[in-house]
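Quick notes on the structure that follows.
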Amino acid sequence: MDTTAVSPLAPLGIIPDLKNATSVPFNETACENWKEIHHLVFHVANICFAAGLVIPTTLNLHMIFLRGLLTIGCALFIIWATLYRCALDIMIWNSVFLVVNLLHFIYLVYKRRPIKIEKELSSLYKRMFEPLHVPPELFQRLTGQFCNIQTLKTGQAYAAEDKTSVDDRLSILLKGKMKVSYRGHFLHNIYPCAFIDSPEFRSTQMNRGEKFQVTIIADDNCKFLCWSRERLTYFLETEPFLYEIFKYLIGKDITNKLYSLNDPTLNDKASKKIDRQPSLCSQLSVMQMRNSMASTSDSEDGLQMFLRGTSSSSSLRECSKIVHTSFEHSLVDH
């Protein structure tokens, strides 16, 4: 009886010859003779790749340097594959990598381009937004889509009490000076780089249809930046960081106006000193201030009683410290 085992993989009638089988040497695929070193272009390309990969991420422009070095490395690989290696596949693959990295490099450089802010808005940005680390491109989006610059001549009214609606706009004075009065009694001035109607904006966020309870008149030829209130609100909802910035700026502007109510002779230089202080007090209810003003006597004595009853400067400073701390925490969260 034939006891020879037939491999299940072999066709019927064919028996493999195991005795005459020869083994393949183990070192047949090993490199016995190393080829000569590649051209210098090849090594420079790899140096560019290595340099790009070791750039620390803490460097401000590390992504631009990385994409730039990768682009140079791919270009050198194409030169090496075309002129010294004659390898079509290497040239094609590195051409693809070159295009990808070059597009990324151009995009990153474009994002880092200097943003040109209009001359009329440069002082506003430097005084109010730049100290709060608002990027120029974000400020340009804020001021370039749904706002415009308007002017008022001396004596023209920005708002009339009990007549002008507060729902339409929010404005910042760029040039000139405005005077705020209540029933003919002078309250305070508004100087450049200050909100014109911040109390009304804050106090009527939940209650629409309100009217101005003060009269605001241009004391000089004025120029101001005016936002559509509804469109500004929608925009801030999509920009949480800028939303917190506006809460801070409006709150601080209201506090500055309360300072000036205590001292109606406050000039522009003094207001700048107050402006540099962390004086946010967003918990002050401007509507209560208006109601208190309306409930007092129409006489000048009643107005002076209201002004004397306004929070003192010391309490405002204490409130400012508390709310400024909460503002810093909110910026960290966003």
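Once label points are set 7 Å from the Cα along Cα→Cβ at both Asp168 and Arg85, what is their separation, rounded to one decimal in nm?
7.0 nm
For the peptides 241-248, 39-46, 71-78, 131-138, what is the packing order when you average, over each peptide's residues, the other Cβ atoms within 10 Å and list the highest mean first? Spell out each step's value before the answer.
On the way: 241-248: 19.2, 39-46: 15.4, 71-78: 21.9, 131-138: 13.2.
Going from most to least packed, we get 71-78, 241-248, 39-46, 131-138.
Please compare each pair in Lys116/Lys223; Lys111/Lys247; Lys211/Lys247 to a cut-off of 26 Å on the Cα-Cα distance and tell me which ones are over it. Working shown, then result.
Working: Lys116/Lys223 20 Å; Lys111/Lys247 28 Å; Lys211/Lys247 22 Å.
Going by Cα-Cα distance, Lys111/Lys247 fall outside the 26 Å limit.
Under 20 Å from a point 7 Å along the Cα-to-Cβ line of Lys179: which residues of segment 214-236 have their amide N that close?
Counting only backbone N, you get 214-224.
Count charges around Pro135 for me, please; just the other residues with Cβ under 15 Å from its Cβ, Lys/Arg as +1, Asp/Glu as -1.
On the way: positive: Lys111, Arg112, Arg113, Lys116, Lys126, Arg141; negative: Glu130, Glu137, Glu239, Glu244.
Summing Lys and Arg as +1 and Asp and Glu as -1 gives +2.
Taking the convex hull of the Cα atoms, report for segment 125-262 its projected area averaged over all directions, in nm².
One quarter of the hull surface, i.e. the mean projection, equals 8.0 nm².
Would you mind counting up the charge near Ile115? Only other residues with Cβ under 14 Å from its Cβ, with Lys and Arg at +1 and Asp and Glu at -1.
Details: positive: Lys111, Arg112, Arg113, Lys116, Lys119, Lys126, Arg141; negative: Glu118, Glu130, Glu137.
That works out to +4.
When Lys and Arg each count +1 and Asp and Glu each count -1, what net charge do the other residues less than 15 Å away from Leu103, Cβ to Cβ, add up to? Present the calculation step by step, with values, prior to reporting the outcome.
On the way: positive: Arg67, Lys111; negative: none.
The answer is +2.
Every number in this text was worked out from the coordinates using simple rules, so none of it is lab data. Remember, it's a predicted structure, so these values are computed and weren't measured experimentally. Glycine gets a Cβ as well: all are built from the backbone with ideal geometry, and neighbour counts include every protein chain shown.
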